[in-house]
Amino acid sequence: MAADAFQGYQREFLALRSSVQGKLDNQIPALRGEERKAAIRRVNMELDEVDEIIDQLEHEGKGKAKLMAQVRAYRQEAKSWKAKATSLGTVTDRDLLLSSRPPHSSYPVEDEDDDDVDTLSHSAAQRARLLQSTQTLDSSSQRLENSHRLALENEQIGQEVLGSLVGQRMQLQSANEHLEEADVSIGRASGTIKKMIRLAYRQRIVIGAFVLAFAVLIALILWRKLR
């Protein structure tokens, strides 16, 4: 029953993973202003649900090393999503500050305005490069987290296989010890049987000698009486 409950919570986590990653990687970067803020609020609510599900997974997987390794990997994923959501929220604040300035076309065109336009264009280009660098960094961090999760799972599987092999080795050693004890017992029993056979032979010889002596004695008695 615990395994079924774990799998149920795992399916919920995977469904939320798809939704959260879709918002963080595709939807939110394409939005601006209030729409972007609203999308970030929605993804933060989903991240709260993710935390609750991970807590349930940890409760159901407690005491099972392989399941706990998956739970730790899921928690690392959720941590990277929160960091990315925070990064996207920071970019949103910068966008709102820049978009709150009146359009430069509403002012008379002068040399100073041209300089301001160039400055704004340069700032926008820098902001775009910064956003692209942030997204690249987040993507690299996600790939690193996935690699780390796979490494943890492989390490856990290797430990379980090693533990199984050690257990089998101990069983074989125990069976070998039992066989050695059985060999010793059989050797002792064989020695006892041989002693019993020798004693039986001796008893047969003694009985035979006694019978022979008794027969000779009877023959002597009869011979004397018949004389």
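Every number here is computed from the coordinates shown, using simple stated rules; none is lab data. No experiment lies behind these values; they were computed from the predicted model shown. Note that we place each Cβ from the backbone using ideal geometry, even for glycine, and neighbour counts take in every protein chain shown.
A compact table of results
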item	result
Over 20 Å between alpha carbons, listed pairs 62/84; 23/82; 23/79	62/84
Stretch gain in nm, segment residue 38-residue 150, where the contour uses 0.36 nm per residue and the Cα spacing is subtracted	37.0 nm
Calculated FRET efficiency for the pair residue 52/residue 3, C-beta based, R₀ 22 Å, to 0.05	0.65
Amide hydrogen neighbours beyond the local backbone of residue 31, cut-off 5 Å, H modeled	none
Estimated vicinal HN-Hα couplings, Hz - region 5-17 in sequence order (Karplus 6.51, -1.76, 1.60; Gly, Pro = x)	5, 4, 5, x, 5, 5, 4, 4, 4, 5, 5, 5, 4
Additional length obtainable on full extension of the chain from residue 170 to residue 59, 0.36 nm per residue less Cα span	36.7 nm
Fully extended contour minus Cα-Cα distance, from residue 45 to residue 12, at 0.36 nm per residue	10.4 nm
Unit Cα scatterers, Debye sum, region 24-87: log10 I(q)/I(0) for q = 0.29 Å⁻¹	-1.18
Sorted by Cβ density within 10 Å, fewest first, the residues 221, 53	221, 53
Rounded to whole Hz, the Karplus (6.51, -1.76, 1.60) HN-Hα couplings of region 212-224, x for glycine and proline	5, 5, 5, 5, 5, 4, 5, 4, 5, 4, 5, 5, 5
Region 161-198-region 210-227 distance, computed between alpha-carbon centres (Å)	58
Estimated distance in nm for a label pair at residue 137 and residue 76, the labels positioned 7 Å out from Cα along Cα-to-Cβ	2.0
